[in-house]
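Below is one structure, written out as structure tokens; the observations come after it.
The values are calculated or read from the model by the stated rules, or taken from the named source; none is laboratory data. This one's a predicted model, so the numbers in the text were calculated from it and none came from an experiment. Here the Cβ positions follow ideal geometry from the backbone for every residue, glycine too, while neighbour counts run over all protein chains shown. Only protein heavy atoms, including side chains, enter the accessible area calculation; ligands, DNA and RNA are left aside. Shrake-Rupley method; radii C 1.70, N 1.55, O 1.52, S 1.80 Å.
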Amino acid sequence: MEFTEPFKQTGPYAFSPNARFLAVAVDYRLVIRDVLSLKVVQLFSCLDKITYIEWAPDSEYILCGLYKRPMIQAWSLTQPEWTCKIDEGPAGVAYARWSPDSRHILTTSEFQLRLTVWSLLNTACIHVQWPKHGSKGVSFTKDGKFAAVCTRRDCKDYVNLLSCHTWEIMGVFAVDTLDLADVQWSPDDSAIVIWDSPLEYKVLIYSPDGRCLSKYQAYESGLGVKSVSWSPCSQFLAVGSYDQMLRVLNHLTWKVFAEFVHPSAVRGPCCAAIFKEVDEPLQLDMSELSLNDDFAQYSSDNAPESHIQVRYNVLEIPINLPSQKPPADKPNPKQGISLMSWSCDSQYVCTRNDSMPTVLWIWDINHLELAAILIQKDPIRAAAWDPTCPRLVLCTGSCHLYMWTPSGAYCINVPLPQFAVIDLKWNSDGSCLFLKDKESFCCAAPEMLQESSDYSSDD
């Protein structure tokens, strides 16, 4: 894997949907770089510090959220002189997003008073009253024709279906939730999933015309759903819960066909490969070097900690995994499945149970079994699948990257001084991997994935 030199950044970043550009915020400035060369192609100055970035789906426009103002500024890559500023006045701006046609911006005001659709073509605006959430509660169909907007009035939750062409409300239906958490269209646009707040375990599947296709409740009297994710093929719906289980529903009957537990002790029978990150000090043989006594003494007294590399050891079961019990007297317990992500081919799904923050689980949906467990030294910060093949990359805030493929797991050293990877993201074509440090970033070019059936743990 090849790495670039580090560049400065101070917050949000985003790859363009067409995979050609990388936008990075540096205080008040928005820096647009070419993905291949990382040369600056555009530089825009905003009125305040940038707290949010989002590209338009056609990659021609980009918006910046200046939530301290609060204000939205939008820019054009093809027309650098073109500018756009959105200010809701006393209502404020809590969040902004692009419409699928790249010619409208949707903003949500503070306190969820209204959602406003702003046109870049004729400066017209349309209001939707009482949106349920700021950054959540809005989902677009993949074909870009419709939007589902969650609203709340008279102490009841509703879903408004809007046409993304005219922005007229095509239909409104009430949903059976106490406190709606979020909404997601399926990737094939055939169904809408809605789930309740953690206080009530409830997952609801609706058709686009408002018919309730299924209602799923795994248990009562306990904290419920923590994460929900459609598989890219739309055939599976994964639900992560506070009871430390992953449940997968099928799209034909909307029944659970797989339940994956995350125990602190793994016992047989188990076909999964278990990888544990371990330190491996570099053994430098200086016996044949001619060194004077002073230098040899200095070297032994000042041996740098960087003379340690990491690798994966393959462990045998049974094994006890590092876990922590959340305190019972504090809210929002660190427990349950919060990190969950599907591979591009829908064959694998990775999960992290928050009570075991250093452990990543990889499940094989085709065989309904555990494929691998990765045990890290530090808590897992982020994990992301390659958008082109079943390759998973994760980071833990250390100077290493960790990679898993069906053929094995690998530890990769980032060859930059004092660079700790705290976040990462793939480009949409899988050609580039963005690695974020606290105040800088670099990009990595991964090698082509080679098919192999042997597990290995190369550094």
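Scoring PHE21 on the criteria (1) within 23 Å of THR107 (Cβ to Cβ); (2) surrounded by 18 or more Cβ atoms within 10 Å (Cβ to Cβ) leaves a single failure, condition (1). The residues of the stretch 39-55 include none that are more than 22 Å from HIS104 (Cβ to Cβ) and surrounded by 18 or more Cβ atoms within 10 Å (Cβ to Cβ). For the stretch 300-314, indicate whether the set of residues that are open to solvent by less than 50 Å² (accessible area, probe 1.4 Å) and modelled with pLDDT of 95 or more is non-empty. Yes - at least one qualifying residue is present in the stretch 300-314. Residues that are part of a loop (DSSP other than H, G, I, E, B) and in contact with a Phe, Trp or Tyr (Cβ under 7 Å, 6 or more places away or on another chain) within the stretch 315-372 comprise GLN335, GLY336, SER343, CYS344, SER346, ILE365, listed in sequence order. Filtered by the rule that a residue be within 15 Å of MET170 (Cα to Cα) and open to solvent by less than 30 Å² (accessible area, probe 1.4 Å), the stretch 120-137 gives a lone residue, VAL128.
Which condition number in (1) crowded, with 18+ Cβ neighbours inside 10 Å; (2) more than 26 Å from the chain's Cα centre (by Cα) is the one that ILE105 fails? Here ILE105 meets the rest and fails (2).
Within the stretch 76-99, can one find any residue that is at positive phi, out of contact with any Phe, Trp or Tyr (no Cβ under 7 Å at 6 or more places or on another chain) and open to solvent by 80 Å² or more (accessible area, probe 1.4 Å)? Within the stretch 76-99 (the criterion being at positive phi, out of contact with any Phe, Trp or Tyr (no Cβ under 7 Å at 6 or more places or on another chain) and open to solvent by 80 Å² or more (accessible area, probe 1.4 Å)), the answer is no, since none of the residues qualifies. Scan the stretch 336-367 residue by residue and report those that are touching a residue at least 12 places away in the same chain (Cβ under 8 Å), more than 14 Å from MET245 (Cα to Cα) and not charged (D, E, K, R). Residues satisfying the conditions are SER341, TRP342, SER343, CYS344, SER346, GLN347, TYR348, PRO357, THR358, VAL359, ILE365, ASN366.
Evaluated against (1) closer than 23 Å to SER102 by Cα; (2) open to solvent by 10 Å² or more (accessible area, probe 1.4 Å); (3) part of a strand (DSSP E or B), TRP167 falls short on exactly one condition, (3).
For MET356, the conditions (1) touching a Leu at 6+ places or on another chain (Cβ under 6 Å); (2) over 18 Å from LEU223 (Cβ atoms) are fulfilled apart from (2).
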